[in-house]
Amino acid sequence: MSNLVAAVLSSSLLAGCASLMDDPRMLFVSDPRALQPMEGFSQLPQDSRVWFEPGAEDYANRVAELLDKTINKVESAHYLAFAEPVQIYVCGTEACFKRYVLTPKLSAAVVPDNRLILSPNLNERESWRLKPLMLHELAHLHLGQRVGHYHSNVPVWFHEGWASLTADGGGAEFATDEQAYEAAQSGKRIDLSKRDVPGMRHKASAFDLNIHIFYRQAMLLVKSLKQQDAGRFKRLALALQNNQDFEIAFWDIYGAGPQTILADALVPESGDNKAAAPASNNQP
Ligand SMILES: [Zn+2]
């Protein structure tokens, strides 16, 4: 494992994402715990991609059963195969999870150094979220393998929106479309004109948005982009995975910036299948 690995905390379950959002440093500061070797895990005999803490074999089997299907869905959403083999580490205890995951609040999954770690929550009180969060995290892992985790070239809203859309809402399930639209109508919305740079990434707090609304708006924005023109969306997706500059690739493909193309994406009656529209009065 490389000891040059930079910060690699992925947003996972919303609790994890929320704590990351509360502390923006978490997204780009190297943390020694991300470099710790994964010790004490056993490889699942039935599926070499899954490693588990002793005692969590049943949980690991649940993960293994979902793995082919979730990988296929994530690859399809990204138009490319995973660049590297997927490895998932299944923690059966909080102690195990906290050894590798820094977030003070409970997180379900994190991706340090191309590893996906699942918390026991997803086999217990949040058992119903296992599949959507595997999809969401695998989407982060997929992009991370190609361009680095949470590369600032890709805006946070696009990162989270794409992962949540890939997961059919997984990671963005604690706010409804209506709540996201309402917030936008009242002037609280992701500002697409703001460009992320290393050390300055625009997250929920940058837009005075509740974390759940932020995720939902992000998903609706990416969804709108995909629905407007699937061909262009695919070109953008491939360009980003080829590490092209987000802004330049977007302009090349759409002939305008995201704030123009997505001006009406958070207006409920026009958010879907809407062609490129001029900036509307909803723009803050
Ligand atoms: Zn996420």
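The values are calculated or read from the model by the stated rules, or taken from the named source; none is laboratory data. These numbers come from a predicted model, not from an experiment. Note: ideal-geometry Cβ built from the backbone for every residue, glycine included; neighbour counts use all protein chains shown.
Go through the range 67-105 residue by residue and tally those that are among the small types (G, A, S) and assigned to a helix (DSSP H, G or I). Looking only at that region, the number is 3. Within the range 128-154, residues that are modelled with pLDDT of 90 or more have Cβ atoms under 7 Å from residues that are within 11 Å of the ligand (Cβ to nearest atom) and among the aromatic types (F, W, Y) in these pairs: A139/W162, counting only partners at least 6 apart in sequence or on another chain. Filter the range 175-192 down to the residues that are surrounded by 12 or more Cβ atoms within 10 Å (Cβ to Cβ) and assigned to a loop (DSSP other than H, G, I, E, B) and list them by number. The answer is A175, T176, K188, R189, I190, D191, L192.
Of all residues in the range 132-172, those that are more than 18 Å from H212 (Cβ to Cβ), within 11 Å of the ligand (Cβ to nearest atom) and in a loop (DSSP other than H, G, I, E, B) total 2.
Residues to consider are D177, D208; find the one that is free of Cβ contacts under 8 Å to residues at least 40 places away in the same chain and over 17 Å from the mean Cα position of the chain (by Cα).
Details: D177 fails: free of Cβ contacts under 8 Å to residues at least 40 places away in the same chain.
Matching residue, one of D177, D208: D208.
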